[in-house]
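Undergrad: Submitted below is the structure of interest, expressed as structure tokens.
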Amino acid sequence: MDLLVVGAGLFGLTIAERAAEAGLRVTVVDRREHLGGNAYSSVDADTGIEVHRYGSHIFHTSNERVWDYVRRFTAFTGYQHRVYSTHAGTVYPLPINLGTLNQFFGTAMGPEAARALVAAQAAEHGDGTAPTNLEDKAISLIGRPLYEAFIRDYTAKQWQTDPRALPASVIARLPVRYTYENRYFSDTYEGLPAHGYATWFEAMAAHPRIDVRLGTDFFEDGQPLSKGSARGQLPIVYTGPIDRYFDHHAGPLGWRTLDLETETLPVRDFQGTSVMNYADLDVPWTRIHEFRHYHPEREAQHAQDRTVVMRETSRFALAGDEPYYPVATPQDRERLHAYRDLADDEPDVHFGGRLGSYLYLDMHMAIASALSLWSSGAVLERSAGSSAA
Ligand code: FDA
């Protein structure tokens, strides 16, 4: 073996595929029983509906290199994501756009009138001081009425925290579109893998020089590919949590986790769309995903009297919970610096992916970052060194 990759998510699979293609013998371990990390999906045997097991995943990118790369392994459908939000008994399109504004204010404004209205409402936070909390920041961007309807309670549910107690830095901007365009993503390319995520990941791992060991935890002492056995013996690309690698030496990094509750309902179509947000506090979940809508082209294969939904709620991760979104408090950032310093002292280990870099990465970003690491030559150099040793 020339290279050990810890984690079979998109970062790890991309490194493994590139390395195998370049002639290296690669072993990939993952503690889960499937490939693909959080982007994994499987077809529900009862309904024939493909269910995204860790929440909705829609592929989108404007990066030509990534788009060319991923299409070696899968074709994509023409799916375009759109999200709606239920507030006070009414459904509105998101992100906030001219349709949302006219529906919310009961108006028929054109773009300029709408722009002027939002600017006037945003001027409420007009004392010249920089906003110090999330609420003030949001009001300074979109005004109080829109903030209270679409941001305040949704954010409180996401963070289990009053937005007045959250730092202003949690939101950088709140885009308002002064057109009726309500496509969620504005990337050049978008779609879902035509034959499912699992088929895509299997194609990436199919190279004869790639050996995949599922259900294998890098930290489980005694197994031959554990940290204790492999470290110092060969180059490692590690995509698990960076704080776990160093035994939480500088303290644990904070994450938000999700509770995802999947249910089959006895109706063909529950909500008429893939994702419905719930903006108010009277509904405990932040959103409901309905997976049949991701593949309208497969309707003939889907059950016609049942549908699969997933309710999503959000909270701070405790030990043992799946980490989903970095919290990134100032204390977390300090700890991350300490871990990066420790990582610099491990020249044979490359830390990457969302957990290894403590960054939210979309799929295309994880792939782009893995392709960059590979192209830098750093992994190949060390592998060549270790083979020669
Ligand atoms: P990922 O987490 O996928 O893989 C890491 C792997 O390492 C896991 O399989 C884990 O089991 C393994 N591992 C960890 N510790 C280990 C150990 N000790 N031993 C062995 N294996 C270990 N992106 C997008 O483009 N469109 C979208 O719609 C969404 N939607 C979305 C929804 C939600 C709720 C989240 C949280 C995220 C998204 N994403 C997304 C982001 C997407 O999930 C992300 O880009 C990829 O998961 C990143 O791939 P990685 O390989 O970095 O991590």
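Undergrad: Across region 28-52, what is the number of residues that are assigned to a loop (DSSP other than H, G, I, E, B), among the hydroxyl-bearing types (Ser, Thr, Tyr) and more than 9 Å from the ligand (Cβ to nearest atom)?
TA: Of the residues in that region, 1 qualify.
Undergrad: Is there a residue in region 142-149 that is at pLDDT 90 or above, surrounded by fewer than 20 Cβ atoms within 10 Å (Cβ to Cβ) and among the acidic types (Asp, Glu)?
TA: Checked against the condition, which is being at pLDDT 90 or above, surrounded by fewer than 20 Cβ atoms within 10 Å (Cβ to Cβ) and among the acidic types (Asp, Glu), region 142-149 yields at least one hit.
Undergrad: From the set of residues in region 315-339 that are small (Gly, Ala, Ser) and either buried (at least 18 other Cβ atoms within 10 Å of the Cβ) or in contact with a Pro (Cβ under 6 Å, 6 or more places away or on another chain) (or both), which is farthest from Gly9 (Cα to Cα)?
TA: Ala328
Undergrad: If you take the residues in region 235-254 that are touching a strand residue (DSSP E or B) at 6+ places or on another chain (Cβ under 6 Å) and hydrophobic (A, V, I, L, M, F, W, C), which one is nearest to Ser369 (Cα to Cα)?
TA: Val237
Undergrad: Let me ask you something else. Restricting to region 242-263, give me the number of residues that are of a type outside the set (A, V, I, L, M), touching a Gly at 6+ places or on another chain (Cβ under 8 Å) and either within 27 Å of Trp285 (Cα to Cα) or loosely packed, with under 14 Cβ neighbours inside 10 Å (or both).
TA: 0
Undergrad: To continue, here is another question. Farther than 23 Å from Asp282 by Cα and part of a helix (DSSP H, G or I), is that true of Lys137?
TA: Answer is yes for this residue.
Undergrad: Looking at Ala338, Ala343, which one is small (Gly, Ala, Ser), within 16 Å of the ligand (Cβ to nearest atom), out of contact with any Gly (no Cβ under 6 Å at 6 or more places or on another chain) and outside any strand (DSSP E or B)?
TA: Ala343
Undergrad: Please count how many residues of region 350-363 are more than 6 Å from the ligand (Cβ to nearest atom) and in a helix (DSSP H, G or I).
TA: The total comes to 2.
Undergrad: How about region 9-27: which of its residues are part of a helix (DSSP H, G or I) and either in contact with a Pro (Cβ under 7 Å, 6 or more places away or on another chain) or surrounded by fewer than 24 Cβ atoms within 10 Å (Cβ to Cβ) (or both)?
TA: Scanning region 9-27 gives Arg18, Ala20, Glu21.
Undergrad: Output the residues belonging to region 184-207 that are more than 22 Å from the chain's Cα centre (by Cα) and free of Cβ contacts under 8 Å to residues at least 24 places away in the same chain.
TA: Within region 184-207, Ala206 is the sole residue that qualifies.
Undergrad: When you go through Val267, Val212 one by one, which is the residue that is of a type in the set (Val, Ile, Thr) and within 14 Å of the ligand (Cβ to nearest atom)?
TA: Result: Val212 is the single residue among Val267, Val212 that is of a type in the set (Val, Ile, Thr) and within 14 Å of the ligand (Cβ to nearest atom).
Undergrad: From the list Thr107, Thr61, Thr77, Thr100, exactly one residue is of a type in the set (Ser, Thr, Tyr), surrounded by 15 or more Cβ atoms within 10 Å (Cβ to Cβ) and farther than 20 Å from Tyr294 by Cα. Which is it?
TA: Testing whether each residue is of a type in the set (Ser, Thr, Tyr), surrounded by 15 or more Cβ atoms within 10 Å (Cβ to Cβ) and farther than 20 Å from Tyr294 by Cα leaves just Thr100.
Undergrad: Does region 136-168 hold any residues that are touching a residue at least 24 places away in the same chain (Cβ under 8 Å) and of a type in the set (S, T, N, Q), and which are they?
TA: If the condition is that a residue be touching a residue at least 24 places away in the same chain (Cβ under 8 Å) and of a type in the set (S, T, N, Q), then Gln158, Gln160 are the ones that fit.
The values are calculated or read from the model by the stated rules, or taken from the named source; none is laboratory data. Note that the coordinates shown come from a computational prediction; the quantities given were computed from them, not determined experimentally. No Cβ is skipped: glycine too gets one built from the backbone with ideal geometry, and neighbour counts run over all protein chains shown.
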